[in-house]
Each structure stands twice: as structure tokens, then as C-alpha cells.
Amino acid sequence: MQRRSPTLAGFWTVVSRPSLGLAEISWRWSFGFAATLLLTFSAIEYLDTLPVTSRDELMFRTRQPALISRAIAHILRGSSPRLIAAVILLAITLSPAWIVLASLGRVATVRSLLDHLRPGDPQNLSGESSALLRRSSGRFHLRSLIGLNFFRAAVALAALVGCVAAFLLGGAASPADDPSPSSAMLIFVFVVMLVGLAWSMLNWFLSLAAIFAVVDASDTFGAINAAVGLCRDRFGSIFAANTWFGLAHLVIFVIASSVVGFPLAFAGVLPAGVVLGGVLLVTLLYFAAADFLYIGRLAAYIAIIEQPEVAPAAEITGLSLGIGPTLAAPTADFDRNELILSDLPNLIPET
């Protein structure tokens, strides 16, 4: 039987089952909407605590950059403790909510993908596919998903700390007595790029491990171990799926970046609300397309997991090649003392 391409299976899932993409959007955007409201109200409350004197208002009205910067520095002076307290409170509030919601959402999407990729009665399937459906129909470890998402949140926090460290390191490279803005910017950008690369790799790996927490009902570290094994055994398939879906994501990003320029081009003609609404609409469409592609990538990963290993060359049969009976692999069960033709050179008469 011809092997099905997992990447094509992922793209076909996006086209044939758009409800899965809408389900991914529903839980992601519901959290994003709630987080945006909370951040907006927190920012408003923080701004209300900042003292603005008549002198600061006068500096703003001058429209001179130097005076405006001095007014902003005066307003923000001494407000860092309140800002840090607000950030900590938001992190404590939003992180547990995201961990629980992401765990429940991943269970729903992975199970729906399994039902789509292998529909029917597990008894009508054979081998590894039947075993996969039997495992997926069992219980899952919600604590495993919570543990994996907790690690994802911890990695994001570590990345944020790394960005702050990059800022401080860049500032240390450009002291006040010997300023070097170019060196500071170079160090900051380089460290942030390394931190971003490490965060993206770890976040992707933990997201892949979440599939095994649903499919195999593995614990947290068992799911991580299974993800390591998948990357080791099926590196080519994983790399191909990531490459094609990454290219599709890049194309969508380029298209969205080009389209968003149309409402901005009319900024001087149309009202600001209309321009902002157009930019917001294009941004939401881009995020929706990215979520659909993420569902397709998950479907490709699941197709790779449930696809059987390629048989070694020694186990290829003549029946599968269409040339007759089975060609069995050579075995080691033979008598080493048995004579062969090369041991009897005089057996064949000379001509």
C-alpha cells in the first residue's frame, strides 16, 4: 500500500475540516480577548496613578521633543514599583488560566484530529492504526498536559528575563563616560535573537510532547521522552512538515504585511477609526490563518505518529514488488561446516 504523505494529510485536514481550525481559534481567542481586556483595564488604572502637573502639561503643549521627554520622565519617576506590582499580579492571574485552558483545548483538538485521520471502528483496522485508536479512546492525563503547559509558561518567563538581561548587558557595554550606542544595540539584538531561538525550539518541543499526553495518556516526562523518540526516528518527516508549513506561514505573513499597507495609505484621507479598523481586521485574519495552519501541522504530526515504520530492505518481499513469492531475509541458521562449491574445486570438470 502506498504511504500517505503526512504533510499533505495536514493540509487536507485544514481544507476538509475547517471546524477544527475554528475550534482552535475559539479557545485561543477567548483567552486572548479576556487577557486584552485585563491588560487594558490595568494600563488605564496604572495611568490614573501617574501625577501630571501643570508644568508637564505646558511642556507637552510646546511640541518640542526634548521638553516632552523631560515631562514623560518626570511623570514616570517613582512609578516603577507600581508597574512591577501590576506585571506580577497579571502574571499570577493569567498564567494559571492559560495553562488550564490550553490543556483542555489541546485535548479537544487532538482527539478530533484522531477521529478525522482514522475514522471508523477500531476493530476494522489492523496493526498499529487499531492500537492507536484504542489508546486514543482511553483516558488522558490532564495533569501531564498541565505540567507541559507549566513548562511552556516557565520557558516564556525565562525568555522574558533573558530579554531584560540583554537590555542590561547592552547598557553595561555603553557606560555614560564612554558611550557606544552601536555596540549596545548589537549586543542587545544578538542576545535577544539567541533567546528567541531557544524559546521557540523549547516551546515547539513541549507542544509536540502534548500530543503524546493525549494519544498515549503519558505522564509529563513520558510525553517528553516520546517526543524525543519521534524526533530521532522520524526526523525527515518532522523536518518536511515543519518546512512546508513554515513556508505557508511565511507566505501568509508576507501577504498580510502587504495588505495592511492599503488602509495605512489612506491615513490622511479616512478617519483614524476607519484606518485602525482596517489594520485590526487584516491582523485578525492573519492570526486566524496562522491558527488554521497550526491545526494542519498538528494533523501532520499525528499522521507521522500513526504511520508505521518503513520496513528494512532485508524484509522487502517479492510479493510487494510484484515479482512473485516472498523473498525472505537471509538468516544466520546454517551449518558453517557444510561444504560449498568453492571448497571442492575439482567437482566441475575442466573443458
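Every number in this text was worked out from the coordinates using simple rules, so none of it is lab data. Quick caveat, the model's predicted, so the values are computed rather than measured. Cβ coordinates were reconstructed from backbone atoms using ideal geometry, including for glycine residues, and neighbour counts include every protein chain displayed.
Overview of values
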item	result
Interchain or long-range residues, amide H under 5 Å from Ala217's placed H	His141
Ranked packing of 163-174, 206-217, 63-74, most packed first, by mean Cβ within 10 Å	206-217, 163-174, 63-74
Unit charges on C-beta of K, R, D, E only; dipole of region 6-318, Debye	440 debye
Spin-label pair Asn203/Leu250, simplified geometry with 7 Å Cα→Cβ offset, distance in nm	1.9 nm
Estimated FRET transfer efficiency (Ser257, Leu50; beta-carbon r; R0 45 Å; 0.05)	0.85
Karplus (6.51, -1.76, 1.60) ³J(HN,Hα), θ = phi - 60°, over region 61-69, in Hz, Gly and Pro reported as x	6, 5, 6, 9, x, 5, 5, 5, 5
Relative contact order for region 6-318, counting Cα pairs under 8 Å that sit 6 or more residues apart, in percent	29 percent
Mean Cβ neighbour count within 10 Å, used as a protection proxy, ranking 95-108, 31-44 highest first	95-108, 31-44
Karplus (6.51, -1.76, 1.60) ³J(HN,Hα), θ = phi - 60°, over region 15-31, in Hz, Gly and Pro reported as x	6, 7, 10, x, 4, 5, x, 5, 5, 5, 5, 4, 7, 5, 6, 5, 5
Integer Hz, Karplus 6.51/-1.76/1.60 couplings in order for region 100-107, x for Gly and Pro	5, 5, 5, 5, 5, x, 5, 4
Sites Val274 and Val87, calculated FRET efficiency, Cβ-Cβ separation with R0 30 Å, nearest 0.05	0.35
Estimated FRET transfer efficiency (Ile72, Arg143; beta-carbon r; R0 45 Å; 0.05)	0.45
